[in-house]
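Enquirer: Below you will find the structure I want to go over with you.
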Amino acid sequence: MVAVNLWSGLRRFTGGAEVVEVEAATVAEVLKALVEAHPGLDPVIKAGVSVAVDGEIVQRALNHPIQPDSEVFLLQQFRGG
């Protein structure tokens, strides 16, 4: 199981949970498992989110590996300018 930390605006979709545990081995699997467990997250994830794994924002790397002890944060998408 991987613990995924959510920003406060997403907690309404998870019954108030700040941390959600999912079975996943990659960033793509984390996102898929979150939507399966909490369908309300689907439009937010489809619109774009950033994922930080062990303190590093993983961009465009859906196959990035996740370890069971990884620190994972789902963040509002960072947009450059």
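Enquirer: Kindly check whether there is at least one residue in the stretch 60-71 that is over 16 Å from E23 (Cα atoms) and loosely packed, with under 11 Cβ neighbours inside 10 Å. It would help to see each step written out before you state the result.
Expert: In the first step, residues of the stretch 60-71 are kept if they are over 16 Å from E23 (Cα atoms); the result is 60-61.
Next, only the ones that are loosely packed, with under 11 Cβ neighbours inside 10 Å stay: 60.
Within the stretch 60-71 (the criterion being over 16 Å from E23 (Cα atoms) and loosely packed, with under 11 Cβ neighbours inside 10 Å), the answer is yes, since at least one residue qualifies.
Enquirer: Got at least one residue in the stretch 39-57 being polar (S, T, N, Q) and open to solvent by 90 Å² or more (accessible area, probe 1.4 Å)?
Expert: Among the residues of the stretch 39-57, not one is polar (S, T, N, Q) and open to solvent by 90 Å² or more (accessible area, probe 1.4 Å), which makes the answer no.
Enquirer: A follow-up question, please. Residue pairs, Cβ under 6 Å, 6 or more apart or interchain, first in the stretch 38-65 and closer than 14 Å to N5 by Cα, second of a type in the set (A, V, I, L, M, F, W, C) and assigned to a loop (DSSP other than H, G, I, E, B). List them.
Expert: Correct list of pairs: S50/F78.
Enquirer: Next up: Can you name the number of the only condition in (1) farther than 14 Å from V4 by Cβ; (2) at pLDDT 95 or above; (3) open to solvent by less than 80 Å² (accessible area, probe 1.4 Å) that V22 fails?
Expert: That leaves (1) as the condition not met.
Enquirer: Considering (1) open to solvent by less than 80 Å² (accessible area, probe 1.4 Å); (2) within 12 Å of the chain's Cα centre (by Cα); (3) modelled with pLDDT of 95 or more, say which one G16 fails and leave the rest.
Expert: Looking at each condition in turn, G16 falls short on (2).
The values are calculated or read from the model by the stated rules, or taken from the named source; none is laboratory data. Keep in mind that what you see is a predicted model, and the values were worked out from it rather than measured. Every residue, glycine among them, receives a Cβ derived from its backbone with ideal geometry; neighbour counts consider all protein chains shown. Remember, those area values only see protein heavy atoms, side chains included, never the ligands or the DNA or RNA. Shrake-Rupley method; radii C 1.70, N 1.55, O 1.52, S 1.80 Å.
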